[in-house]
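Here's the structure, in structure tokens; my notes come after.
The values are calculated or read from the model by the stated rules, or taken from the named source; none is laboratory data. Just so it is clear, the structure is predicted and the values come from calculations on it, not from any experiment. Ideal geometry is used to build each Cβ from the backbone, glycine not excepted, and the neighbour counts take in all protein chains shown.
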Amino acid sequence: MIPPELLAVGMVALVAITLYAILGGADFGGGVWDIIASGPRRDQQRDVIGHAIGPVWETNHVWLIFLIVLMFTCFPPAFAELSVGLYVPLTFVLIGIILRGAAYAFRQQAYERVRLSQFWGHVFGIASIVSPFFFGLAVGGLTVGGYAWHSPFAIAIGFFAVTLCAQIAGVFLTLETTGDLARDFRARAIDATYALAAVGAIALVVAKFTAPQTLALLAQPQALVGIGCAMVLGFVVLGTLYARAYHLARIVVCVETVAVLAGWYAAQYPYLIPGVMRFEAAASPLPTLRAFLWLVAIGGSLMVPSLYLLFRVFKSA
């Protein structure tokens, strides 16, 4: 029987992954829409994206840092294993995050020098694609087994991650704008939702022909619940966007992301590293897990109100 402390740590990890996927994903997706901004309102679209990201883009990486701390504290053997096996894609993830942050800051300061501002804008957009793409490669390589981050299925998951980020950002940006700009981002969110469905279907087909063992994992009942919910919620997202119910669309796209991650989480349970290491084998001693959970409770009592205040002040729309 799995100790309750280990189950609690696993749930905390899932919450951290989910928050980073939603909040960090919205930031990455904003960069995707920034680099492919088009039409007569291209400059206004980029201004809106910069204004939306500005107050919170650094804060959203708190969840990634927290997840890293959780892994090397509560699952040190798995942390060591993953750091070696997925060294290449995770390195590109970090490079993308660093370049993205630097480019965003430099572009904001170079607004009077058009060429320099455009250069850093391109770096910002490309880096915003690189990080979620290599995150997807890492997740796909982990799921396939053997850390095959360059496998066809992993590449499909890389595109899926980028598209999911674009969908989240498109939905979020409908509430950051009004008038024509809101219609622009509504259209982009709808396009991204259709693209996400297509890329997800392609990933399943790729799994069927190149990684049948992975498809078997995804076909488990506990995984199918999450995947099925995500599919249904995708249609709900489309419905809310067509109805211009943007507040509801934001809630639904967040729940959709939770369903996607829950399906993936359930597919590989009880393994932390599929076929290699179970949760129990990777876990630290119970006293360490208990101490970590107490520290999470204490730290959360300070961090959650602070984050709530930040988003309340800057994102009260």
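Which of the helices (runs of 4 or more DSSP H) found entirely inside segment 215-317 contain at least 3 residues meeting this: of a type in the set (Phe, Trp, Tyr), modelled with pLDDT of 95 or more and more than 25 Å from Val9 (Cβ to Cβ)?
none
If Ala138 satisfies every condition in (1) part of a helix (DSSP H, G or I); (2) under 30 Å from Phe314 (Cβ atoms); (3) out of contact with any Gly (no Cβ under 8 Å at 6 or more places or on another chain) but one, which is the exception?
(2)
Out of the residues in segment 1-37 meeting the condition of being in a loop (DSSP other than H, G, I, E, B) and under 24 Å from Thr288 (Cα atoms), tell me which one is modelled with the highest pLDDT. Can you show your working first?
Within segment 1-37, the first condition is being in a loop (DSSP other than H, G, I, E, B), and the residues that meet it are 1-3, 36-37.
Subsequent filtering for residues that are under 24 Å from Thr288 (Cα atoms) retains 1-3.
Details: Met1: 70, Ile2: 77, Pro3: 85.
Applying the filter and picking the extreme gives Pro3.
Which condition number does Trp149 fail, the rest of (1) assigned to a loop (DSSP other than H, G, I, E, B); (2) of a type outside the set (D, E, K, R); (3) free of Cβ contacts under 8 Å to residues at least 60 places away in the same chain being met?
Against the list (1) assigned to a loop (DSSP other than H, G, I, E, B); (2) of a type outside the set (D, E, K, R); (3) free of Cβ contacts under 8 Å to residues at least 60 places away in the same chain, Trp149 comes up short only on (3).
Might you check whether a residue that is touching a His at 6+ places or on another chain (Cβ under 9 Å) and either part of a helix (DSSP H, G or I) or at pLDDT 90 or above (or both) occurs anywhere in segment 38-47?
Scanning segment 38-47 turns up no residue that is touching a His at 6+ places or on another chain (Cβ under 9 Å) and either part of a helix (DSSP H, G or I) or at pLDDT 90 or above (or both).
Looking only at segment 145-170, how many residues end up being at pLDDT below 95, surrounded by 24 or more Cβ atoms within 10 Å (Cβ to Cβ) and either out of contact with any Gly (no Cβ under 6 Å at 6 or more places or on another chain) or among the acidic types (Asp, Glu) (or both)?
1
Going through segment 284-309 one residue at a time, which ones are aromatic (Phe, Trp, Tyr) and either touching a helix residue (DSSP H, G or I) at 6+ places or on another chain (Cβ under 7 Å) or in contact (Cβ under 8 Å) with a residue 40 or more places away in the chain (or both)? Outline the logic, then answer.
We begin by selecting, within segment 284-309, every residue aromatic (Phe, Trp, Tyr); these are 292, 294, 308.
Answer for segment 284-309, where residues must be aromatic (Phe, Trp, Tyr) and either touching a helix residue (DSSP H, G or I) at 6+ places or on another chain (Cβ under 7 Å) or in contact (Cβ under 8 Å) with a residue 40 or more places away in the chain (or both): just Phe292.
Does Tyr104 count as crowded, with 18+ Cβ neighbours inside 10 Å, in a loop (DSSP other than H, G, I, E, B) and in contact (Cβ under 8 Å) with a residue 12 or more places away in the chain? Don't jump to the end; show me each part of the working.
Details: crowded, with 18+ Cβ neighbours inside 10 Å: yes; in a loop (DSSP other than H, G, I, E, B): no; in contact (Cβ under 8 Å) with a residue 12 or more places away in the chain: yes.
In short, no.
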